[in-house]
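The numbers here are math on the coordinates, done by the rules we state, and not lab data. Predicted model, so just to flag it, every value in this text is computed and none were measured. Neighbour counts are summed over all protein chains in view; Cβ atoms, including those assigned to glycine, are modelled from backbone coordinates with ideal geometry.
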Amino acid sequence: MSDKQTAMLLTGNHAVAWAARLARPQVVPVYPITPQTPILELITEFHAAGDFEVEILTPESEHSVLAACIPASLAGARVFTATASQGLLLMHELLHYASGARAPLVVANVNRTVASPWAFWPDQTDSLAQRDTGWIQYYVETAQECLDSVLHGFRVAEQVNLPVMVNLDAFYVSHALEPVQVPAQALVDGYLPPYAPVNRLDTTIGSSWGNVVSQEMYCRHRRTVEEAMTSALGVAQEADREWAELTGRSYGVLERYRCDGARAVIVTMGSMCGTAREAVDAMRDAGLAVGLLKLRLFRPLPAQALRVALAGVPDVIVLDRNHSPGLGGILHHELRDALYGLAAAPRIHGFLAGVGGVNMSPEAIAALVHRALDSAPQVESAWAR
């Protein structure tokens, strides 16, 4: 324990709840869904104990949760909520509305398989299916990164006026206990000042939202959303840098692990990065120069940083814990697009690995690397098993 941070043993879900408490939101609409429910349970425990001064709303569905979040945010309140899987899908209509309304709220999404069939395992298809809704998207690996990224999310959202989604894998992150450094409230208050937007729904200002617009006005508005999303990349990097100065923890928008001189680099997101590190270490010990590129910020996609990080690498192996029918792995194809036209671009091999929560051991990941190096890259994503 220090005067600035306290070590606690927390699950990813509880780390998210602590971050929400530290961010001091004024409004938190909630609706439980497995495996996100422990986030809301701990938030309500904080509130009941008098440790969290917040307006907690309990609407009848996830759609209504986001319908409550948006006007609260537009009225000038800092807003947080959490969801998962079908809950996020039910919010889909309003995800577009939130970004279009430039509502800087933060949602934690616990990545879980989507129905049908019904299942409860880690799979990132739920959030990646929302990639075109105008939300900034983080993908985190650990409970510590959960806590820090929610705070980063508020910092970024309120500077660029776009909503942020922090995604953590079900069970592997959401329910696994890990040591977490919880920052003091004063530290967070210095990093995240009170939310006081100039533009808000206020009778003393006389502004409004929701009027019908012309084609030209709509097009102009979409361009401003794109400009805000583009600016979010630099804002996210600055938010991470300042957090490092305060806590000693930095993640970047992507992370290179043992990539120097790599013959091949694995690219993936979320909890699979931890397993991939073990695979990289084992392959390095066996004499094969392999590295890992962890993508933390998926929207906006840091295309230029990806091009720099992977320039000159002979082979890239993309591991997707998601499935887009008719396309394959979403990250696989996003990366191909980002690297298009790059001189000496790497050969890109895409694997649907861990879809539906299927366990990918370090040995299984190493086998995919060897499989990729022994074959020509394919346009289609290949099933890992």
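Quick one: length gained pulling Ser250 to Ala115 fully straight, 0.36 nm per residue minus the C-alpha distance?
45.0 nm
For region 5-247, what is the charge dipole size about the Cα centre, in debye to the nearest 20, if Lys and Arg each add +1 at the Cβ and Asp and Glu each add -1 at the Cβ?
Approximately 500 debye in magnitude.
Given a Förster radius of 45 Å and the C-beta distance between Arg385 and Gln304 as r, what FRET efficiency does 1/(1 + (r/R0)^6) yield to the nearest 0.05?
According to the calculation, E is roughly 0.85.
Where does the charge balance sit around Leu10 when Lys and Arg score +1, Asp and Glu -1, over other residues with C-beta under 14 Å from its C-beta?
-4
Show me the ranking of peptides 256-268, 339-351, 126-138 by mean Cβ neighbours inside 10 Å, starting with the highest.
126-138, 256-268, 339-351
For the charge dipole of the chain, defined by +1 on Lys and Arg C-beta atoms and -1 on Asp and Glu C-beta atoms about the Cα centroid, which residue among Tyr97, Leu368, Ser85 has the Cα displaced farthest towards the positive pole?
Positive-most Cα among the choices belongs to Leu368.
If you take every DSSP beta bridge fully contained in the chain, what fraction is antiparallel? Give it as a percent rounded to 5.
Counting only bridges with both partners in the chain, antiparallel ones make up about 25 percent.
Could you list log10 I(q)/I(0) for the chain at q = 0.07, 0.09, 0.13 Å⁻¹, which the Debye formula gives when each Cα is one point scatterer?
-0.31, -0.51, -1.06
Residues in region 19-52 near a label at Tyr97, defined as backbone nitrogen under 17 Å from the 7 Å Cα→Cβ point?
Zone members listed by number: 29-31.
Would you mind ranking Phe154, Phe46, Phe171 by Cβ crowding within 10 Å, fewest neighbours first?
Arranged by neighbour count, lowest to highest, Phe154, Phe46, Phe171 become Phe46, Phe171, Phe154.
Which FRET efficiency value, to the nearest 0.05, is calculated for Ala311 and Thr203 with the Förster distance at 51 angstrom and r the Cβ-Cβ distance?
Efficiency, from the Cβ-Cβ distance: 0.40.
Pull out the extension gain between Val225 and Leu57, defined as 0.36 nm times the separation in residues minus the alpha carbon to alpha carbon distance; nm, one decimal.
Taking Val225 through Leu57 to full extension adds about 57.6 nm, to one decimal.
Return the percentage of antiparallel bridges among DSSP beta bridges fully within region 254-383, rounded to the nearest 5 %.
Of those bridges, close to 25 percent are antiparallel.
Mind checking region 46-124 for GluC sites (Glu not before Pro) that DSSP puts in a loop (not H, G, I, E or B) and that have at most 15 other Cβ atoms within 10 Å?
Listed in order of number, the matching sites are Glu53, Glu60.
Classify region 254-385 from the C-alpha gyration tensor, please: rounded if a/c falls under 1.5, else prolate or oblate depending on whether a/b exceeds b/c.
rounded
When a footprinting reagent is the concern and you count Cβ atoms within 10 Å, what order do Cys219, Cys273, Cys69 take, fewest first?
Least to most surrounded, the residues fall as Cys219, Cys273, Cys69.
Quick one: net charge of Leu168's neighbours, Cβ under 9 Å, K/R +1, D/E -1?
-3
Output the peptides 300-311, 195-206 sorted from most to least packed, where packing is the average of other Cβ atoms within 10 Å over each peptide's residues.
Going by the mean number of other Cβ atoms within 10 Å, highest first, we get 300-311, 195-206.
How would you rank Ser250, Ser64, Ser271, going from fewest to most other Cβ atoms within 10 Å of each one's own Cβ?
Fewest-to-most ranking of Ser250, Ser64, Ser271: Ser250, Ser64, Ser271.
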